[in-house]
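Here's the structure we're looking at; comments come further down.
The values are calculated or read from the model by the stated rules, or taken from the named source; none is laboratory data. Everything numeric here is computed off the predicted structure, so don't read it as measured data. As a convention, Cβ positions derive from the backbone with ideal geometry for all residues, glycine included, and neighbour counts pool all protein chains shown.
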Amino acid sequence: MAEKIRAVKGMPDLSNPEIQSFQEIEQIARRFFESAGFSEIRTPILEDIALFKRSIGDATDIVEKEMYTLLDRNEKTLAMRPEGTASVVRAYIERYASREPEQRLYYLGPMFRYERPQKGRFRQFHQFGAEIFGVDDPYIDAELLNLATDFLDYLNIGNYRLEINSLGSKASRQEYVKILLKYLSEHQSQLCEKCLDRMFKNTLRVLDCKVSTCQEILKAAPSLLDHIDKESQKDFEQVQNLLNKLQVSFQINPRLVRGLDYYERTAFEFVSDDLGAQSAFAGGGRYNGLIKELGGPDLSAIGFAFGMERLASLYKQSKEKFLKRNLVFIPLGDASSEYCMQLMCSLRKQKLKNQFGEPIQLRAVTEYGDRSLKSKMKRANRFEADFVLILGDDELKSGTILFKEMSSGDQSEVLLSDISALLIDKLQKI
Ligand code: HAM
């Protein structure tokens, strides 16, 4: 037998049930972001390598160690995009910056990073990202974060925290880097090898180190937030005030620095303990200098990207948490069919939760038509109904309905005026 050819390491095929979660999330994301004024952009997977070097930064892990690059037949070096922002900024400069500078763009697609594969970390992964161009205002930062949390809420993803920080202006950060470097130099002997390597190349990233001995040293390190410029401080305070007004919960993480060089001021990550070691499922921030840096006008921008694999994993877990309830209405006449239909439709609109606040997924159907009660009950059993409601036209006239609890077999006559409240109560309690 010929030797099997296997998928490339870290580049898994996507199949069901994961693909279904992707499709559902994508559909909801499109609807959500389009209703907030975003439109889709699709950029190519291959770009001139200079684009990523200049935007993400030469000294970052992504550019230094993780990019897939290739020489085309014309000896030009191309890179497979490791993220979406740089490509979208390039496209924005080419298409919109001079004509319609205020733009909201979103994108979906595969990204490539040569990282060490592990749970939640791949060499080909997918992002859903959103970028707002041309407006430098804390209102935009707050609105974008509110949109992201609403989106998560809609997906029923609740167990996460939003961590925010301000990276200040480029100039104030450079000053801080000098101060941090001085502090780290004084403690060099206690730092791990990775930190020693990063210290001179990408000093801020040392703040990210998870090694416990380094963490100890970092506890007493000068804080970035104490050294950012006055304007950025004011801006950060306003972002926080606005988030509070919008009731978006957040935590300030003064050590959050991100792995890409282009950020200024607001930076953030969404983190969940349900994901294991790769706990950040989205990240982003403001990048006011990047458009100019890439040859465009001096305009500002902010954005974020969700990692789809990690988001899909949270979405799957949240769906499993759904408590399923099945409800069948059995009308025995025309007038009662109409009544049951209305009651069922109004119940479907309810956002039901149990006493622990966990969402309940209601499946409710009505058995219309003039089949016998026996045949309708048979279908209710196949539907695994928790409750069955039987309504004849005579009962409708007298204002009652038969309510049957399938697990116990108990049944009782209930006033029509009470049935909706009783059902909601029962559905939330079992
Ligand atoms: P990032 O933090 O590098 O930011 O990536 C965003 C998200 O992509 C991460 O939070 C994570 O969920 C996911 N991700 C990154 N690398 C991998 C991997 N190897 N395997 C699986 N998932 C991964 C950016 O890419 C910025 N472009 C975000 C942004 C948009 N900033 C402003 N606008």
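Of note, Glu264 does not satisfy the criterion of being in contact with a His (Cβ under 8 Å, 6 or more places away or on another chain) and either assigned to a helix (DSSP H, G or I) or more than 10 Å from the ligand (Cβ to nearest atom) (or both).
Residue pairs whose Cβ atoms lie under 8 Å apart, separated by 6 or more positions or on different chains, with the first residue in the stretch 150-161 and over 17 Å from Ser21 (Cβ atoms) and the second among the polar types (S, T, N, Q) and in a strand (DSSP E or B), are Arg161/Gln251.
When Phe322 is tested against (1) aromatic (Phe, Trp, Tyr); (2) within 12 Å of the ligand (Cβ to nearest atom); (3) modelled with pLDDT under 95, just one condition goes unmet, and that condition is (2). Scanning the stretch 280-308 for residues that are without any contact (Cβ under 8 Å) to a residue 40 or more places away in the chain and either more than 9 Å from the ligand (Cβ to nearest atom) or more than 21 Å from Glu26 (Cα to Cα) (or both) returns Lys292, Asp298. Selection within the stretch 219-246: residues that are outside any helix (DSSP H, G or I) and free of Cβ contacts under 8 Å to residues at least 40 places away in the same chain. The member of this set that is farthest from Ala171 (Cα to Cα) is Ala220.
Of all the listed residues (Phe329, Phe387), the sole one being touching a residue at least 60 places away in the same chain (Cβ under 8 Å), surrounded by 15 or more Cβ atoms within 10 Å (Cβ to Cβ) and either touching a helix residue (DSSP H, G or I) at 6+ places or on another chain (Cβ under 6 Å) or among the acidic types (Asp, Glu) (or both) is Phe329. Of all residues in the stretch 372-430, those being at positive phi and in contact with a strand residue (DSSP E or B) (Cβ under 7 Å, 6 or more places away or on another chain) number 2.
Restricting to the stretch 350-369, give me the number of residues that are part of a loop (DSSP other than H, G, I, E, B), polar (S, T, N, Q) and more than 30 Å from Asp393 (Cβ to Cβ).
From the stretch 350-369, those part of a loop (DSSP other than H, G, I, E, B) are 350-352, 354-358, 367-369; that's our starting set.
Still in the list and also polar (S, T, N, Q): 350, 354-355.
So of that shortlist, the ones also more than 30 Å from Asp393 (Cβ to Cβ) come out as 354-355.
The qualifying residues number 2.
Residues in the stretch 138-168 that are outside any loop (DSSP other than H, G, I, E, B) and in contact with a Lys or Arg (Cβ under 7 Å, 6 or more places away or on another chain): Asp141, Ser166. When Val135 is tested against (1) part of a strand (DSSP E or B); (2) more than 14 Å from the ligand (Cβ to nearest atom); (3) touching a residue at least 40 places away in the same chain (Cβ under 8 Å), exactly one condition is not met: (1).
Might you let me know whether the stretch 171-191 holds any residue that is assigned to a loop (DSSP other than H, G, I, E, B) and either within 16 Å of the ligand (Cβ to nearest atom) or under 24 Å from Asp298 (Cβ atoms) (or both)? Looking through the stretch 171-191, none of the residues is assigned to a loop (DSSP other than H, G, I, E, B) and either within 16 Å of the ligand (Cβ to nearest atom) or under 24 Å from Asp298 (Cβ atoms) (or both).
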